[in-house]
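Right, one structure below, let's go through it.
The values are calculated or read from the model by the stated rules, or taken from the named source; none is laboratory data. Computed from a predicted model, the values in this text were never measured in an experiment. Virtual Cβ from ideal backbone geometry, glycine too; neighbours counted across all protein chains shown. Just so you know, the surface numbers come from the protein's heavy atoms only, side chains and all, with ligands and any DNA or RNA stripped out. Shrake-Rupley method; radii C 1.70, N 1.55, O 1.52, S 1.80 Å.
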Amino acid sequence: MLEQVVATRYVTPLREGGSLPGVVEGDDLGTYVVKFREAGQGRRVLVAEIIAGELARRLGFRTPELKLIDLDPQLGAREPDEEVQDLLKASAGRNLAVDFLPGALGFEPLAWSPDPAFAARLVWFDGLIHNLDRTWRNPNLLLWHGESWLIDHGAALWFHHNWRTADPLRPFDAGDHVLAPFAEGVEEAAAELSALIIPELLAEVTALVPDEWLDGEPGFASPEAVREAYVDHLSRRAHGPGGWLTRAAPQARRSGPGSVGAFWRGERG
């Protein structure tokens, strides 16, 4: 289980994107970006954050520390925005805290050229977890103390919004990946990382997700059954045929569903 802290002060909302995360202080004197269970994208986003972020950490990538944070909705009573107040009230209890990296800078390719081997490893890893949200428009990479850090994995594992369409061999077009132009040796990176992805590692990572965020998942009898489905899917993707990683030409990038919403509804492109 992830370490658990108690929120002591709600500092400010972060109005980037539609989920309204907030900066919150904890009783361990830490400062966190908190992602709320009842935000519009739901608890599956928090599940993706834990599984993808903790798997990345175990594969050697730098990711901010994750903790569970207990929220008293009264902390937001002085927040003038009614939308934020409603979100905090609805999210009373356990939420996800992401360690705040003070002074971190966003990735800027004109100012920083990533290591080609690092770029290759990250391109393959994002393909493994179906992460569509590391493009030049939204890199989700930070530079902190001279090192690169991965953030915001809530859009990964998006098949879990409609498990009926989960496909371990679903193609991943890396053509839009922010580090694709820098990546060299992707096949070598794939061999290195896939060898590390064993069922025991995946079971360790999925065990960090609270039962309450997996309970009631349609089509599954228990939280443990959901964890086993994640383990099976990622194992098969890591060790099956590697042809799912592609770099299609721009005019050919519509082989999949036309939108995330279409995917959730089970529509195929």
**Prompt:** Which condition does E212 not pass, out of (1) at pLDDT 95 or above; (2) in contact with a helix residue (DSSP H, G or I) (Cβ under 7 Å, 6 or more places away or on another chain); (3) open to solvent by 80 Å² or more (accessible area, probe 1.4 Å), if it passes all the others?
**Reply:** (2)
**Request:** Filter the stretch 152-187 down to residues that are of a type in the set (D, E, K, R) and part of a loop (DSSP other than H, G, I, E, B) and give me whichever is most open to solvent (accessible area, probe 1.4 Å).
**Result:** E184
**Message:** Report every pair of residues separated by at least 6 positions or lying on different chains whose Cβ atoms are under 8 Å apart, first residue within the stretch 87-108 and among the hydroxyl-bearing types (S, T, Y), second surrounded by 18 or more Cβ atoms within 10 Å (Cβ to Cβ).
**Reply:** S91/F36; S91/R37; S91/A39; S91/L71
**Request:** State which residue is farthest from E212 (Cα to Cα) when the search covers only the stretch 51-73 and only residues that are among the small types (G, A, S) and crowded, with 19+ Cβ neighbours inside 10 Å.
**Result:** A56
**Message:** For the structure I just gave you, tell me whether A238 is closer than 27 Å to A39 by Cβ and either among the hydroxyl-bearing types (S, T, Y) or at pLDDT 95 or above (or both).
**Reply:** no
**Fill in**
Given the conditions (1) open to solvent by less than 10 Å² (accessible area, probe 1.4 Å); (2) in contact with a strand residue (DSSP E or B) (Cβ under 6 Å, 6 or more places away or on another chain); (3) closer than 24 Å to H161 by Cβ; (4) not hydroxyl-bearing (S, T, Y), every one holds for G76 apart from (3)
**Request:** Taking only the stretch 19-57 into account, find how many residues are hydrophobic (A, V, I, L, M, F, W, C) and in contact with a helix residue (DSSP H, G or I) (Cβ under 8 Å, 6 or more places away or on another chain).
**Result:** 11
**Request:** Sort out which residues of the stretch 212-235 are part of a helix (DSSP H, G or I), within 18 Å of the chain's Cα centre (by Cα) and closer than 25 Å to R37 by Cα, and write them in order of number.
**Result:** W213, V226, R227, A229, Y230, V231, H233, L234
**Request:** Take the stretch 79-92 and flag every residue that is part of a helix (DSSP H, G or I), open to solvent by less than 60 Å² (accessible area, probe 1.4 Å) and under 19 Å from E212 (Cβ atoms).
**Result:** L87, L88, A90
**Prompt:** Scanning the stretch 48-69 for residues that are out of contact with any His (no Cβ under 7 Å at 6 or more places or on another chain) and in a helix (DSSP H, G or I), which turns out farthest from L14 (Cα to Cα)?
**Reply:** R58
**Restricting the stretch 7-50 to residues that are of a type in the set (S, T, Y) and at pLDDT below 95, the residue that is surrounded by the most Cβ atoms within 10 Å (Cβ to Cβ)** = Y10
